[in-house]
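The values are calculated or read from the model by the stated rules, or taken from the named source; none is laboratory data. Every value quoted in this text rests on a predicted model; they were computed, and no experiment measured them. Every residue, glycine among them, receives a Cβ derived from its backbone with ideal geometry; neighbour counts consider all protein chains shown. Each accessible area value is taken on the protein alone, full model and side chains, heavy atoms only, with ligands, DNA and RNA left out. Shrake-Rupley method; radii C 1.70, N 1.55, O 1.52, S 1.80 Å.
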Amino acid sequence: MADWIFAFFHLFLLIGVIGYAFYSLFFHGNSQRFALILACLVVYYFIVLHKPVRQEIARRKELKAAGDKKSN
């Protein structure tokens, strides 16, 4: 249960930050702030999220491969 709470918290936080970046760009015309926020989000992804995302993709491929073998 804690993993779901953590995941949804980060998802909503990420959506909020991306929304704020576009708000800054479109309503305030602040392209520097927009670029800085997006650059920080890219760095955050590679530092914090990239390894777990790749692990989850590999896990799902293994589950799918195991399921395909069972059905044959």
Seminar exercise, completed: For the chain, whose charge dipole is built from +1 on Lys and Arg Cβ atoms and -1 on Asp and Glu Cβ atoms, the candidate among V17, I37, I5 with its Cα farthest towards the positive end is I5
Exercise. What is the helix-to-structure angle for 2-28, meaning the angle in degrees between its Cα long axis and the longest Cα principal axis of the chain, kept from 0 to 90 and rounded to the nearest 10?
Worked result: 30
Seminar exercise, completed: Taking the reciprocal of mean 1/r across every pair of different Cα atoms in the chain, the Kirkwood radius in Å is 14.7
Seminar exercise, completed: Summing -39500 (n - 2.57) over every DSSP H run of at least 4 residues in the chain and dividing by its residue count gives a helix-only mean residue ellipticity at 222 nm, to the nearest 500 deg cm²/dmol, of -30500 deg cm²/dmol
Seminar exercise, completed: Note to self: with every protein chain in place and a 1.4 Å probe, segment 1-71 gives an accessible area per residue in Å² of 88
Seminar exercise, completed: In the chain the accessible area split gives carbon plus sulfur, as whole percent at 1.4 Å, a share of 70
Exercise. Considering only protein heavy atoms, what is the solvent-accessible area of D68 at a probe of 1.4 Å, reported in Å² to the nearest 10?
Worked result: 80
